[in-house]
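Worksheet: the structure to be examined is printed underneath.
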Amino acid sequence: MAILIELAFYLLMEVILYTIGRAVIPIISLGKARAIHTKEFFRAKLVHYDEQTGQMLISTGGASLVGGLTLWSALLLWFALAR
């Protein structure tokens, strides 16, 4: 049972929140930032700048964090409007 919970948590964090973060980051930053692909090399920092394009690059952890905050705020808004 613990393995199933671990797998569900991993899928939530890595797939759903990362995907939401990748979609939301360019919208919030008006195209000045993007989330890197999971296979791209990235330093340990959350934010890095691309010298060629001038865009801010957000790590996978940062994209998951943005996705989690977006999901959390959407759920809070939904519960607030439902009352």
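In the condition set (1) open to solvent by less than 90 Å² (accessible area, probe 1.4 Å); (2) modelled with pLDDT under 90, V24 is compliant with all but (2). Under the condition of being assigned to a loop (DSSP other than H, G, I, E, B) and open to solvent by 50 Å² or more (accessible area, probe 1.4 Å), the residues counted in segment 56-83 number 1.
The values are calculated or read from the model by the stated rules, or taken from the named source; none is laboratory data. Note that the structure is predicted; figures quoted are calculated from it, not measured. The area values use the complete protein model at the heavy-atom level, side chains included, leaving out ligands, DNA and RNA. Shrake-Rupley method; radii C 1.70, N 1.55, O 1.52, S 1.80 Å.
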